[in-house]
Amino acid sequence: MRFIVLAFVAFILLSLFSALYFLLKDKGQSTRTVKALTIRVVLSIALFVMLLLGFHFGFITQRL
């Protein structure tokens, strides 16, 4: 589970930096920035839902 979460975080950061690159390169004239940011939002929501489901079904436990 830890590897999956780290992979999601890596893809989220990759999408964020690609959006920054497209913003600087295209000077805001293209939709590539919006698409990259949309992918980032979808990945973030998917990660959040996956963490909630993992905690609900017991894949993630609370350590004290």
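The values are calculated or read from the model by the stated rules, or taken from the named source; none is laboratory data. What you are looking at is a predicted structure, and each value in this text was computed from that prediction instead of being measured. Note that we place each Cβ from the backbone using ideal geometry, even for glycine, and neighbour counts take in every protein chain shown.
A few points about this structure:
- Taking each residue of segment 29-56 that is over 15 Å from S15 (Cβ atoms) and looking for partners that are part of a helix (DSSP H, G or I) with beta-carbon atoms closer than 7 Å, six or more apart or interchain, yields S30/F22.
- Of all residues in segment 1-46 being assigned to a helix (DSSP H, G or I) and among the polar types (S, T, N, Q), the one that is nearest to F57 (Cα to Cα): S44
- The requirement of being loosely packed, with under 12 Cβ neighbours inside 10 Å, β-branched (V, I, T) and at pLDDT below 95 is not satisfied by T33.
- Among the residues of segment 21-57, those identified as over 28 Å from M1 (Cα atoms) and not hydroxyl-bearing (S, T, Y) are F22, L23, L24, K25, D26, K27, G28, Q29, R32, V34.
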